[in-house]
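Accompanying notes for the structure given below.
Taken together, the values in this text are just the output of simple stated rules run on the coordinates, not laboratory data. What you are looking at is a predicted structure, and each value in this text was computed from that prediction instead of being measured. Please note: Cβ atoms are built from the backbone with ideal geometry, for glycine as well, and neighbour counts cover all protein chains shown.
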Amino acid sequence: MKPPPIHRTVTIGGSQMSFAPRWLILAPVAVILIYGVLSSFYTISPESVAVVQRFGKYQQTASPGLHFKLPYGIDTAVIVPVRRQLKLEFGFGSPNATNPDQISDEPDRERDMVTGDLNAVNVEWVLNYSITDPKQYLFHFRNPGSTLRDLTESVVCQVIGDRTVDEVLTIGRNEIEADSLLRLKAILENLNIGVAAEQIQLMNVHPPGPVQRSFDEVNRAQQERSQLINEANGEYNRVIPRAKGLAEQRISGAEGFAVQRINQAEGDVVRFKELLAQYDKAPAITKQRLYLETMNEVLPKLGPKIILDEDAKQFLPLMNLNK
């Protein structure tokens, strides 16, 4: 026969409760089993991968989806966002940043820089990057995020230190961004840190507070100078083409008039030669015909005329001929 179950009775608040001692063993075992089941599965989002480690040693890189791993801390999975563009902010910080390395604890120190002509400037910039090799990113450097921040700050300081303050504040921003990105890419490629720098963008670049007003006046003068140059170029582009067009028009008119005069002169020469030939044949008749033709052209232009006989005594009776 089986022995009857053993029950213990305890008094809680004046009430007696009984329980079996075996639950003292089964309850912790059940909790451990439930924890093991829950810690055996993990999910990876579509923009990330997981680096799986067994007792701290690299095992594999898992793709997005639902995966199984050994529980109780035997296997650990570190999620790495490889399909998302990350960024680091220097000299300032955006609120609610999801990347723990995005904001520095000393933004004022990062912002202060010195140019090649020994002028102080405050520079704020952003590095956009992505993780290309999760294994290198996690195991080649102890703190890859802070290492990337230090490398980027060093490169930007070096590039700005090679420029004058006018280049940094005005015309040299694009060149600084391109040069800094090129140098940072070369360093990351040699170090095999597992990240790829995609863009360096200068945000706010301005002189320190005590000299801000003087720099603003210089910038204002440069803007006025550029405005006047643009206005002069606009006036030049408006007047010069019109003058060139007028000149070409007059030259074309003069050339046309020259051609017309030459053709007319050549025609007059041909007509004169024809008349000369007729004159040689009959001088008197040709002379009379030329006289009549000329008078036929001239007299209509003279208007009404009154021709008097040289023997006429008076001309008053002829005054009403026009009526």
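Just a few scattered comments:
- Once the Cα atoms are used to define both axes, helix 173-191 deviates from the longest principal axis of the chain by about 40 degrees.
- For Ile25 and Phe139, the FRET efficiency from 1/(1 + (r/R0)^6), where r spans their Cβ atoms and R0 equals 45 Å, is about 0.60.
- Charge context of Leu182, other residues only, Cβ under 14 angstrom, K/R +1, D/E -1: -4
- Separation in nanometres of the label points that stand 7 Å from Cα toward Cβ, at Asn204 and Leu299: 10.1 nm
- Relative to one another, the C-alpha centroids of segment 208-225 and segment 81-155 are positioned 30 Å apart.
- Ser130/Asn237 FRET efficiency (R0 45 Å; Cβ-Cβ; nearest 0.05): 0.45
- Based on the reciprocal of the average 1/r between different C-alpha atoms, the Kirkwood radius for segment 86-207 equals 14.6 Å.
- Shown here for segment 60-136: trypsin sites (Lys or Arg not before Pro) in loop regions (DSSP other than H, G, I, E, B) with at most 16 other Cβ atoms within 10 Å, namely Arg83, Arg84.
- When peptides 153-162, 233-242 are ranked by their average number of other Cβ atoms within 10 Å per residue, the highest-first order is 153-162, 233-242.
- Derived scalar couplings between HN and Hα for segment 112-119 equal 7, 9, 10, 7, x, 9, 6, 10 Hz in order, rounded to whole Hz, by the Karplus curve 6.51 cos²θ - 1.76 cosθ + 1.60 (θ = phi - 60°), x for Gly and Pro.
- The long axis of helix 212-281 is offset from the longest Cα principal axis of the chain by roughly 30 degrees.
- Helical content alone sets the calculated 222 nm signal of the chain at -16000 deg cm²/dmol, taking -39,500 (n - 2.57) per DSSP H segment of four or more residues and averaging over every residue.
- Neighbourhood charge, 14 Å Cβ-Cβ cut-off, centred on Val51 and excluding it, Lys, Arg +1 and Asp, Glu -1: +2
- Dipole in debye (nearest 20) - segment 70-147, about Cα centre, beta carbon charges: Lys, Arg +1; Asp, Glu -1: 440 debye
- Extension gain for Leu276-Gln85 works out to 58.9 nm (0.36 nm per residue, less the C-alpha to C-alpha distance).
- Cβ-based net charge around Arg261, under 13 Å, with every Lys or Arg adding one and every Asp or Glu removing one: -3
- Restraint check, Lys87/Lys135; Lys87/Lys185; Lys69/Lys135; Lys273/Lys301, Cα-Cα greater than 25 Å: Lys273/Lys301
- Maximal additional length on extending the Leu33-Asn263 stretch stands at 71.1 nm, based on 0.36 nm per residue less the C-alpha distance.
- The angle between the Cα long axis of helix 283-298 and the main principal axis of the chain comes to about 60°, on a 0 to 90 degree scale.
- Beyond 29 Å, the tail of the calculated P(r) for the chain holds 72 percent of the Cα pairs.
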